[in-house]
Amino acid sequence: MPPVWRTGFGRKKFHPWAALHNGDKPEVFLRSTRPTGNISRAEQKPVYNSCRPILNAKPFMILCIGTTPAVQRVMFFRQLRLDAVNRAHNTLEGAAGKAINVAKVLRALGERPLATGFLGGARGERIRQVLETKGIEAEFAKVPEETRECVTVINESEATITELVQESAAVTEADYESLRGIVLRNLPRCRAFVMSGTLTPGAKPDFYAECVKLASKTNVLSVVDAQGPPLLKALATRPGLIKPNRGELAATVERELMDEPALIRAMRDVQQLGAERVVVTAGAEPTLALDAGKVWRISSPKITPVNPIGSGDCFTAGLVWRLLCGDDLGEAARWGAAAGAANALSPMPGELEVADIKRLAAGVVVEQLAEFRCS
């Protein structure tokens, strides 16, 4: 069996509410609500508070799996010229990839994520060190292939953001068996299982479907953020929630989604294929959320972004966090939208400020839509 990299921490460091409590006692959870009526701001109850796991839920971990993590470099240029030498005035480096971004945000929110996937080479060791420094538990299957690197290029003069993505290397079926073993060992200690991103080249597309089945057997909330064949295979196993973006959903249903009714039709199509709940993000445009017969439109407050890369992953983290607190899908999506917007204000993906989430959540507009009859 391939070797496994594991980073472990004691219970004292990993109190579920450690990042948010005051003094020695966690704050009492107040269900988040949007301020209404003519109550003054001073009289309003806070929209945000630290979130205890709901009664009868497992007060343990959230498993975050992504097979293609990356060392992330963000380079800032005052002006970028093609076919010329360009010198960055600031460069940041950290750990990223969809599952790692989810784990970083969950940790900031006081949850206990466990990051897993494949790591290899010096870059893999760098990611492991970054996660350990941030207090994020990790157990990765170690592979001989070097972990990829992605570079974000920010051109400040034109306010453009360009992402240069290195494709992940292929891994063996034995490596996937090692990863399945990590999942099997840890799922009984989890409340949710978040599956994010593309699979490694050549991987069987049913890997996430297998993971959803395992989550169902242990009564764990399964969340799939993927597209194409891996998402279609997972739908047949009835995941608790899927969260593609608009382009990913269009690629999955193999048709253009030109307007809101077309998007809702596609969401209902994938719900009929097996998804219990569907959330579709669209960058700065409103998010749509579907649960049974209810549809919500979630509009984020306007911001001036610094780097929006990873905002969809941060949306997933905020959404899962609030679902585990007992919020309905529309209200949970409010906090997802706030987390996504907060991420866009920070230079490194997944390394947002919790204070920004709190502030932005009050400006998110959640509307329950009238029933759409789509033929």
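For (1) surrounded by fewer than 22 Cβ atoms within 10 Å (Cβ to Cβ); (2) modelled with pLDDT of 95 or more; (3) charged (D, E, K, R), each residue gets a yes or a no:
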residue	(1), (2), (3)
Leu241	no, yes, no
Asn245	yes, no, no
Glu256	yes, no, yes
Ala275	no, yes, no
Val279	no, yes, no
Ala289	no, yes, no
Pro308	yes, yes, no
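Working only within the range 109-153, note down all residues that are under 30 Å from Asp356 (Cα atoms) and out of contact with any helix residue (DSSP H, G or I) (no Cβ under 8 Å at 6 or more places or on another chain).
Selection gives Gly110, Arg126, Arg128, Gln129, Val130, Glu132, Thr133, Cys150, Val151, Thr152, Val153.
Give me the strands (runs of 3 or more DSSP E) completely within the range 106-219, filtered to those with at least 3 residues that are crowded, with 23+ Cβ neighbours inside 10 Å, ordered by residue number.
Qualifying strands (runs of 3 or more DSSP E): 113-116, 137-142, 190-196.
Does any residue of the range 345-353 turn out to be in contact with a Pro (Cβ under 9 Å, 6 or more places away or on another chain) and surrounded by fewer than 24 Cβ atoms within 10 Å (Cβ to Cβ)?
Looking through the range 345-353, at least one residue is in contact with a Pro (Cβ under 9 Å, 6 or more places away or on another chain) and surrounded by fewer than 24 Cβ atoms within 10 Å (Cβ to Cβ).
Would you confirm whether any residue within the range 354-366 is crowded, with 24+ Cβ neighbours inside 10 Å, touching a Gly at 6+ places or on another chain (Cβ under 6 Å) and outside any loop (DSSP other than H, G, I, E, B)?
no
The values are calculated or read from the model by the stated rules, or taken from the named source; none is laboratory data. The shown structure was predicted, so the numbers you read here are calculated from the model rather than taken from an experiment. Because the Cβ atoms are built from the backbone with ideal geometry, glycine has one as well, and the counts that use them run over all protein chains shown.
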